[in-house]
Each structure stands twice: as structure tokens, then as C-alpha cells.
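Have a look at the structure below before the remarks.
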Amino acid sequence: MTRPAAAEQVDELRRAGLYRRMRLIEGAQGPRVSLDGRDVLLLCSNNSLGLAEHPEVRLAGAEAYRDICASAGASRLVSGNMDVHERLEGRLASFHRQEAALLFGSGYLANTGTIAALARRGEVVYSDALNHASIVDGCRLAGAETFIYRHRDVEHLGWALKRADRPAALIVSDGLFSMDGDVAPLAWLVELARRHDARLMIDEAHAVGTFGPSGQGTIAAAGLSDEVDVTSGTLGKSLGSYGAYVATSAELRDLLVNRARPLIFSTGLPPAVAAAAEAALGIIEREPHRVEQLRENGETLRSALAAEGLEGIAGEGADPGTQIIPLVIGDPERAVAACARALEQGVYAQAIRPPTVPEGTSRLRMTVMASHEPEDLRRAASVIAAAVRAVAADGEYSIEIPEPEGEPEVYRVAPEPASRAPRS
Ligand SMILES: *Cc1c(COP(=O)(O)O)cnc(C)c1O
């Protein structure tokens, strides 16, 4: 069989309503941006606290470029380990009340690298069905068997742990789920991990700087900082920069330094992005009112949508105060049409489609920022409501979320032939 041309593959995506393209932002990120040449309210950025454009954050990056250097020049295990890296790791460790932290090139790399380092063939990783793609890919890379438990379903997870015939390496979950805005059942995950001698890893990418009283994330908010083995977080969302990290014990950090391939085989973070993130962390610690403002803005948009007759899918664990507000539409083409209509009225909420979300749950996913004006959010709610109604089949917004069909997916990884084992 011949390989289909790239254009054919793209056409296939187009026919399925799944074609994606990048829209162009000119100038800076902020609560309003210039998008494809027009001024719009930005409702789909993860720059939750407005720190990406904060003068102090930008200055810290600029000064590092001017006074230090532009690149770390090598992997941190060769000659790229710099004091800016270790200083930021110290700050991140104490922010998460952990012994240690370890920087990675991005959240994608932190998750794939850490999971692949901590789980091995012959073991099982247990992963929530709605975990971020970087977790899914980490599971695939690990070569361990992965059991996907139903979203937030601790009974399903417990059932699988009990029935497994091989050791549990890891239970892994988003803390605050990126596309649904609900929170993992952390106390249960801790209990099950303990009972089955598994490590627990929580991805706080969307919760750092946004969730809990001082933006310390879902784990700290639940008082479980001592119970989680590995916390991953990104510097690219509320921390306004780029890169990522895991916060963990000194012992596990040491293991990751020796085993996590994206750390070993990739250049250390540029000093400037570490310096910018460090400045952002300082602002979060110093000005907790930003976190409070974010929460209030989330409530403002949610209640304005509710007043328009739109309730998000808001799964059982949805927290009324999070910055992530999904409106499930179902069909991908309708979701894209709703996005386009809202954009005509100056509101940009990206349509999210498979494979980012499960089949049948395409949606507009809105994310508020602390820097939004409440008045703009209220106006956005009426624009979004009109757009969603216009694309709904019968003019009414109502959606049944389809039940997942069949057995949960389990990745089985065939043993690697010895002659083709990857070089380390
Ligand atoms: C965004 C995100 C990531 C990836 O982080 P990057 O630094 O952008 O690569 C990982 N996990 C979750 C839950 C995320 O939302």
C-alpha cells in the first residue's frame, strides 16, 4: 500500500471537522489581543494571572539575557547546570513544600520523562481517562502496561489495582483537569496509592498560581503535600514563562537526574526563562490578591453564563471557582462554528476537539484571567450564549455527554527485540 500524501491526510482531517490551524497574535499577550488583525477579548489563554506581560517578569528575563548569557549551552549533566536553575528549583520546592525540584524543558517533557523513568516493563501505571496528552505519551513511552481508569472513578481504579497481577508503579492524574476544570479525588488517590504501594504523581499544570488560597495548587489546598510523591508543574502557564518542573523528594530527584531522558539528552533551560519564572513566583507569593481576582473572575463568567441559561458540563468534581469553563457542544464542526461566531463579535474562545477531548464532547473551552475586566466577561457571556444557540440543532443548548463505550483502553507494549533496544 502506498503512503497517502500529506495533503490527503490533511483533507481527511478537514472532512472530519478536525482540521486545525494556528491563529496569529500580533504584539503582546494580555486580556485583549490583536488576533489576525483585530482586537478581541482573549478567553483561551493559560496566562491566568497576567504575569506573561508583567513588567517585573519581562525585566527579569531581559536582565538575565543582558547580564548572564542566552543559552545554557549543554545538558545540565554536561556543563549546562547553572545557578539560576538551582535557585529556581529551590524556590519551586519550597512553594510545593517538597524537598527538591527538577527543571525540564516543558511540561510535556517533564511528564513524559518522569513517567518513563519511574515505570518500567512488567509494572502497571494507572492513569485517569482525561489526563493530559503528555501523561498519556509518558505512559506509552514507559513500556509499562497502562490501565486507564474512568475519569475520577476511584472505584474503578481500586478494582483494577486489586485485580492486577503485577506491581503498581504509579498512579497519575491531573490535579485540575485541563479541559473540564474539575479536580482529582486526591484523598482517595493517596489512600489507594498507599494501600497498593504505588507512587502517586499529580500534574498541577493548571493549578499552580490559580488554585487554593495562595495559588499553591490542588494538593496543598487538600493538605496533602506530604502524601504525593511527584508533583509536576509548568512555567508556561500562570508563571508567565516557559519550561516546567517536578517537585519531589531529594531521593526521587536524584533518580530522575539519572534516568529522565528529556533531562539527560536535552539542553538546560535558557537562564532568562528561569529568571522570568522566578520573578513570577515572587509576585504570586507577594500578591495573593491576584489569585483571588482570578477566582472572582471565574465566578463572574460562570454566573453570567448561567444567567444566559448555559451551564458548563461541570462534571461532579467541578470547582465553581476555577479559571477553566467548558461548554460542551458535542459535534466538532458546530464547536468550530460557535467559535467563529463569537470571534465575529470580538470574543475568542477556542473550540476544542478530539483528540484533545473525547469523541462527542467538542466544546468551547473558556479560561479567564485575573487581568480580565468583569464587565468584559459579562459581555462575553452574552456573545458566547448567542453563538452557542446559533449553532445548536434546535436553537437550544442542551447536551447529553455520551458514556464511553467498551472496555477502557490498555496499552500493551510488545517487548523490544534485543538487537533493536534503544541506545541510552
Ligand atoms: C499544559 C499542560 C501540560 C504541558 O505543559 P507545557 O509546559 O505547556 O508543555 C502538561 N500537563 C497539563 C495538565 C497541562 O495542562
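The values are calculated or read from the model by the stated rules, or taken from the named source; none is laboratory data. It should be emphasised that the depicted structure is a prediction, and the values quoted were computed from it without experimental measurement. With ideal geometry, Cβ positions are generated from the backbone for all residues, glycine too; neighbour counts draw on all protein chains shown. All accessible areas refer to the heavy atoms of the entire protein, side chains included, with ligands and DNA or RNA removed. Shrake-Rupley method; radii C 1.70, N 1.55, O 1.52, S 1.80 Å.
With respect to the stated conditions, ALA280 fails to be under 26 Å from GLU373 (Cβ atoms) and in contact with a Lys or Arg (Cβ under 9 Å, 6 or more places away or on another chain). Please verify whether ARG76 is assigned by TED's automatic domain parsing to the domain that holds PHE265, surrounded by fewer than 20 Cβ atoms within 10 Å (Cβ to Cβ) and either modelled with pLDDT of 95 or more or under 14 Å from ALA277 (Cβ atoms) (or both), treating the condition exactly as stated. Against the criterion (assigned by TED's automatic domain parsing to the domain that holds PHE265, surrounded by fewer than 20 Cβ atoms within 10 Å (Cβ to Cβ) and either modelled with pLDDT of 95 or more or under 14 Å from ALA277 (Cβ atoms) (or both)), ARG76 does not qualify.
Looking across the stretch 323-349, the residues that are buried (at least 22 other Cβ atoms within 10 Å of the Cβ) and assigned to a loop (DSSP other than H, G, I, E, B) come down to GLN323, ALA349.
In the stretch 229-244, the residues that are within 16 Å of GLY61 (Cβ to Cβ) reach residues that are hydroxyl-bearing (Ser, Thr, Tyr) and assigned to a strand (DSSP E or B) with C-beta atoms within less than 8 angstrom, at least six apart or across chains, in these pairs: LEU235/TYR245; GLY243/THR234.
Can you find even one residue in the stretch 14-25 that is of a type outside the set (Phe, Trp, Tyr), in a helix (DSSP H, G or I) and either at pLDDT 95 or above or closer than 28 Å to SER362 by Cβ (or both)? Checked against the condition, which is being of a type outside the set (Phe, Trp, Tyr), in a helix (DSSP H, G or I) and either at pLDDT 95 or above or closer than 28 Å to SER362 by Cβ (or both), the stretch 14-25 yields at least one hit.
Just one of the listed residues (LEU377, LEU364) is in a strand (DSSP E or B) and either open to solvent by 10 Å² or more (accessible area, probe 1.4 Å) or touching a residue at least 24 places away in the same chain (Cβ under 8 Å) (or both), and it is LEU364. Among the residues of the stretch 107-129, the ones that are at negative phi and either near the ligand (Cβ under 10 Å from one of its atoms) or surrounded by fewer than 20 Cβ atoms within 10 Å (Cβ to Cβ) (or both) come to 10 in all.
Criterion applied to VAL230, VAL273 was being open to solvent by 20 Å² or more (accessible area, probe 1.4 Å) and not charged (D, E, K, R), and the one residue passing it is VAL273.
Out of all the residues in the stretch 187-203, is one or more closer than 20 Å to ALA247 by Cα, of a type outside the set (S, T, N, Q), within 11 Å of the ligand (Cβ to nearest atom) and without any contact (Cβ under 8 Å) to a residue 60 or more places away in the chain? Within the stretch 187-203, one or more residues are closer than 20 Å to ALA247 by Cα, of a type outside the set (S, T, N, Q), within 11 Å of the ligand (Cβ to nearest atom) and without any contact (Cβ under 8 Å) to a residue 60 or more places away in the chain.
The residues of the stretch 176-192 that are over 13 Å from the mean Cα position of the chain (by Cα) and among the β-branched types (Val, Ile, Thr) amount to a single one, VAL190.
Within the option set ALA198, ALA279, being crowded, with 22+ Cβ neighbours inside 10 Å and within 25 Å of PRO55 (Cα to Cα) holds for one residue only, ALA279.
Checking each residue in the stretch 131-178 for being within 15 Å of the ligand (Cβ to nearest atom), outside any loop (DSSP other than H, G, I, E, B) and either of a type in the set (Asp, Glu) or crowded, with 24+ Cβ neighbours inside 10 Å (or both) picks out ILE135, ASP137, GLY138, CYS139, VAL172, SER173, ASP174, LEU176. Taking the stretch 36-79 as the range and being touching an Asp or Glu at 6+ places or on another chain (Cβ under 8 Å) and either part of a helix (DSSP H, G or I) or touching a residue at least 60 places away in the same chain (Cβ under 8 Å) (or both) as the test, the residues that pass are LEU41, ASN47, ALA60. Within the stretch 233-255, being open to solvent by less than 10 Å² (accessible area, probe 1.4 Å) and away from the ligand (no atom under 15 Å from the Cβ) holds for one residue alone: THR248.
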